[in-house]
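Just so it is clear, none of the values below were taken in a lab; they were calculated from the coordinates. Being a predicted model, the structure only gives us computed values, none of them experimental. Ideal geometry is used to build each Cβ from the backbone, glycine not excepted, and the neighbour counts take in all protein chains shown.
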Amino acid sequence: MGDTGFFATLLARVAASLPEHGLYPLLVCTFIAGMARGFSGFGAALILIPIGGSIVGPKIISPVLLVIDTIASAGMLPAAWRAANRREVFTMASGALIGVPLGTAALALADPLILRWAITIVAACLLILLVSGWRYHGQPRAPLTAGVGGIAGVFSGAAQLGGPPVVAYWLSGASDVLVIRSNLMLYFVISSALTAVSYLVGGLFVEQVFALTLIILPLYAGGLYVGSRLFGLAKPSTFRTICYVLIGAAAVLGMPALDTLLR
């Protein structure tokens, strides 16, 4: 009887924490974001954060993505650890150690509407950076690597958008796709741990975060699995194009001016 009451109370609290509008678009977006992350090693935040922010707010969706991505991608860590250039990854993470708390402070203190517009603009700019094909062609050095990590850390702390600066930087080197993908996987594990500590200190892990996590985690994990299976099967150029289109659509739909489309 006690267990039944506990689960009934838990279900009631989860139901009360769900958004009144936009749950189904959020679920679909979550699966697609997981696919992009599983295939390329990044992209989930660029898809999920703009739309999720328009439905539940950036202060909820950013911690949710942090939790679900950490849980769902844990199984990919051993392979990433073996294939990654760990020295470069830890150098990058040293910059994130400074950047993540700054981004978290912005997330905790900024006005939600202003933050949503900022996320939309940053997501669009980062998408342009990726689509343009621009790469850093200089010699990668430790101070520069740490500096990129600092910038990515600010974006990660504020909106889980730390992937594109790191991707653009690492793609400039001579490493093959597997090493770059493994670097990203390992770096985001470290960055997520730093962000989790910052979110905890900032009081961002509220009840609604964990309630929403229970609902969307299975879909994200499923998308992650499908995307991982597609890695090496689909043509990278084709899937990259699809990801760019989805990211662009998410940035547009996530604009506060278009909130009625998701309700």
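Tell me, what is the FRET efficiency for Ser132 and Arg13 to the nearest 0.05, using R0 = 41 angstrom and their Cβ-Cβ distance as r?
0.35
Can you pull out the chymotrypsin sites (Phe, Trp or Tyr not before Pro) in the stretch 54-162 whose DSSP state is coil and whose Cβ has at most 13 other Cβ atoms within 10 Å? Intermediate values should be presented prior to the final figure.
On the way: sites: Trp81, Phe90, Trp117, Trp134, Tyr136, Phe155; in loops: Trp134, Tyr136.
Filter output for the stretch 54-162: Trp134.
Working ranking of peptides 189-202, 10-23, 62-75 by packing, defined as the average number of other Cβ atoms within 10 Å per residue, highest first, is 62-75, 189-202, 10-23.
Run a plain Debye calculation on the stretch 28-69 (Cα atoms as equal point scatterers, no solvent) and give log10 I(q)/I(0) at q = 0.18, 0.20, 0.29, 0.31 Å⁻¹, rounded to two decimals, same order as the q list. Each listed q maps to, in turn, -0.42, -0.51, -1.00, -1.10. Taken over the stretch 17-161, the ratio of Cα radius of gyration to 2.2 N^0.38 Å equals 1.09.
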